[in-house]
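Every read-out reported here was derived from the displayed coordinates using simple, explicitly stated rules and does not represent laboratory data. Small disclaimer: the values here were computed from a predicted structure and weren't measured. Backbone-built Cβ (ideal geometry, glycine too); neighbour counts: all protein chains shown.
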């Protein structure tokens, strides 16, 4: 970011916020576990505990992205997590019926009979390779989720996520994308979403 090239900042542990660059971009709670570090000119991160230096080159090609991010004036995190005790929703799958919890082995096999192999994306490509992703999927048209308290629980989750991402007061929606089934031994290799 611009701070790496333009200025040096001394960041203290447990500081509430960290200012990056001259743009006023503030990242809350960034250093809660990092200790004191210094972002120095020339693209170096200096660990002030033992003065170890790690060279981090500045990617000037990302300047446009940096400018967009610097213009954001909304507090929020990159992800939201939490726990909510709620009754199990009613889940019904075409060709299987209402799912019991815990799911019986016979229902798992029925679900898989109605499913298709789950592909993965690489750039613009959609690839089916079970050595990379060994899982099944069902389209949302074949799955219904509901129950007496599901709508209220779902709205509570959506509200918590919206607030946590710093989007309070904005219209945010969530859509069921697909149901993934990972059998015993199923996996998806470590990857970066594209």
Cut-off 14 Å, label 7 Å out along Cα→Cβ of residue 152, residues of segment 76-120 by amide N: 85-89
Label-point separation in nm, residue 101 to residue 168, each point 7 Å along Cα→Cβ: 3.0
Equivalent ellipsoid, segment 136-192 (semi-axes from 5 times Cα gyration tensor eigenvalues, Å): 27, 18, 10
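Classify segment 85-150 as rounded, prolate or oblate, taking a ≥ b ≥ c as the square roots of the eigenvalues of its Cα gyration tensor: rounded when a/c is under 1.5, otherwise prolate if a/b is larger than b/c and oblate if not.
prolate
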By average C-beta atoms within 10 angstrom, highest first, the peptides 141-151, 119-129: 141-151, 119-129
Förster radius 22 Å - calculated FRET efficiency between residue 161 and residue 86, Cβ distance, rounded to 0.05: 0.90
DSSP bridge pairs, segment 90-188: antiparallel proportion in percent, nearest 5: 100
Alpha-carbon Debye profile of segment 48-194, log10 I(q)/I(0) at 0.09, 0.18 Å⁻¹: -0.49, -1.25
